[in-house]
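A quick write-up on the structure given underneath.
The values are calculated or read from the model by the stated rules, or taken from the named source; none is laboratory data. What you are looking at is a predicted structure, and each value in this text was computed from that prediction instead of being measured. Cβ coordinates were reconstructed from backbone atoms using ideal geometry, including for glycine residues, and neighbour counts include every protein chain displayed. Side chains included, ligands, DNA and RNA excluded: accessible areas come from the protein's heavy atoms. Shrake-Rupley method; radii C 1.70, N 1.55, O 1.52, S 1.80 Å.
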Amino acid sequence: LGLAGIFQDWIRKLFWKPSLKIDFQLSPPDSHRTFFSDRNTGKFLNYTYYLRPRIGNNGNYRLEDVEVMVVELSKKEVNGQFKKDEDFLPLNLIWSVSHEITKLKIQPGLFKLLDFGHISETKHKQAQLDYFKLGNNTNVVLELCTEVPPNTGSHLIFPGEYRIKLLIAANNLKPVAKIYSLFLADKWTEDQQEMLGKNIYIKEEKSMY
């Protein structure tokens, strides 16, 4: 019976497989302008722009226990070369709404939204920047939605051009690494179309299996 069960499981894995798809749309409803409010009073604090890719399953079997980790960040220097940030701490990103680190399952044909990060005016992040001892004179900052804020403050990204590497894995999926070009302009506007269409750019460069 044990051998029969193992054989059946092997057959199932041959024909029933998940297939990962990532769709990064910088437009509503996935990416959009929203706001922060005081947790105690509900008072409006400031606007922010959330960036949320869809993590989908194009296969014929569910993805199980899915995690996404941001593992590497490199910034473009004045000489045109990208320099790896050696202080960048790899951490898991969180899933939208639920704030889970691991998504239990993604059924075939469906997707889940992942919180990649949110862009705010720097003036509303001053206390946070002071805590991490990050002196800065830019207008905006992108905060990655990591499971915890690292003590290095490496989850805070200032305007510039970057390469960022994500690692996606599941119990029944071989880890997939994807590298994205990321550009953040040092401009803020409350016009959602202009902000998401001109001041932020994210595009996949290549994937590695």
Mind checking the dipole of region 29-158: about its Cα centre, +1 per Lys or Arg Cβ, -1 per Asp or Glu Cβ, Debye to the nearest 20?
380 debye
Please report the carbon-and-sulfur percent of the accessible area for the chain; probe 1.4 Å, protein heavy atoms only, DNA, RNA and ligands left out.
51 percent
Mind giving me the nanometre distance, one decimal, between the label points for Tyr201 and Glu121, set 7 Å out from Cα along Cα→Cβ?
2.6 nm
Rounded to one decimal in nm, the spacing of the 7 Å Cα→Cβ label points at Glu161 and Ser19 is 3.4 nm
Just order 37-44, 16-23, 123-130 by mean Cβ neighbour count inside 10 Å, highest at the front, would you?
16-23, 123-130, 37-44
Let's test this: bin the Cα-Cα distances of region 106-209 at 5 Å from zero up to the farthest pair and state each bin's percent.
2, 10, 18, 21, 19, 14, 9, 5, 2, 0
At 10 °C and 1.306 mPa s, what whole-number value in µm²/s does Stokes-Einstein give for the translational diffusion of the chain, with Rh from the Kirkwood sum over Cα pairs?
85 µm²/s
Can you order the peptides 58-70, 98-110 by their average number of other Cβ atoms within 10 Å per residue, highest first?
58-70, 98-110
Provide the per-residue ³J(HN,Hα) series for region 161-172, in order, calculated from phi with Karplus coefficients 6.51, -1.76, 1.60 and θ = phi - 60°, each as a whole number of Hz, with x at glycine and proline positions.
10, 9, 10, 10, 10, 10, 10, 10, 8, 8, 4, 10
Separation of region 142-170 and region 54-133 by C-alpha centroid, Å?
6 Å
Calculate the all-directions average of the projected area of region 21-106's alpha-carbon convex hull, and give it in nm².
8.9 nm²
Accessible area per residue, Å², region 76-209 with all protein chains present, probe 1.4 Å:
55 Å²
Compute the helix-to-body angle for 2-15: its Cα long axis versus the longest principal axis of the chain, expressed 0 to 90° and rounded to tens.
50 degrees
